[in-house]
Structures are given as C-alpha cells and as structure tokens.
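J.: Pasting a structure here, questions to come.
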Amino acid sequence: MIKRKKISIILGIIIMNCICILPVSASEKALASPGIEINNIIEPRVDVIVTKYRVYKGVKQYRRWNETKGEWVDPYWIDIR
C-alpha cells in the first residue's frame, strides 16, 4: 500500500512538471524565431541587403542583392569609377 502511494506521488510530480515545463519552452522557442506568427500577429522583418562586386572586362562593378527575398535590388551592374 505504501509503495503504491509513493509511486503515485512520484508519477504525479513527473506529470505536473511535464505540463508546466513544455508549454513555457515551446512559447520561448516561438518568441525567439523572427517572422513566426504568434497569436495571429505577424512579426515584420527587415530586408538584408548585401553588396556584390565583380570585375567585368577590366571594369569594377557592384550590384545589391536582397538576401531576404532572394532577388536583385538593382536591375543592372553599376560601374565603380
């Protein structure tokens, strides 16, 4: 009888810890990730723009690339003088 009582108390403690810990850690992960929808609110993100360089026919050129959208910002390469 005493053994059953100890086991049920231990199982109750384990179950209570799982119920209390899991939702908190799941919500922390959701808050840490940018751009994730939380409670029907979409968090905006800023575009990440990177400048790419090249040498074409002896002329140095640059062009901006939007890493967030995966597309060029500038429609053509711009010469550097």
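J.: Out of the residues in region 1-58 meeting the condition of being acidic (Asp, Glu) and open to solvent by 100 Å² or more (accessible area, probe 1.4 Å), tell me which one is modelled with the highest pLDDT.
T.: GLU37
J.: Taking region 36-80, which residues are hydroxyl-bearing (Ser, Thr, Tyr) and in a strand (DSSP E or B)?
T.: Here is the first cut: in region 36-80, the ones hydroxyl-bearing (Ser, Thr, Tyr) are 51, 53, 56, 62, 68, 76.
Residues satisfying the conditions are THR51, TYR53, TYR56, TYR62.
The values are calculated or read from the model by the stated rules, or taken from the named source; none is laboratory data. Note that the structure is predicted; figures quoted are calculated from it, not measured. All accessible areas refer to the heavy atoms of the entire protein, side chains included, with ligands and DNA or RNA removed. Shrake-Rupley method; radii C 1.70, N 1.55, O 1.52, S 1.80 Å.
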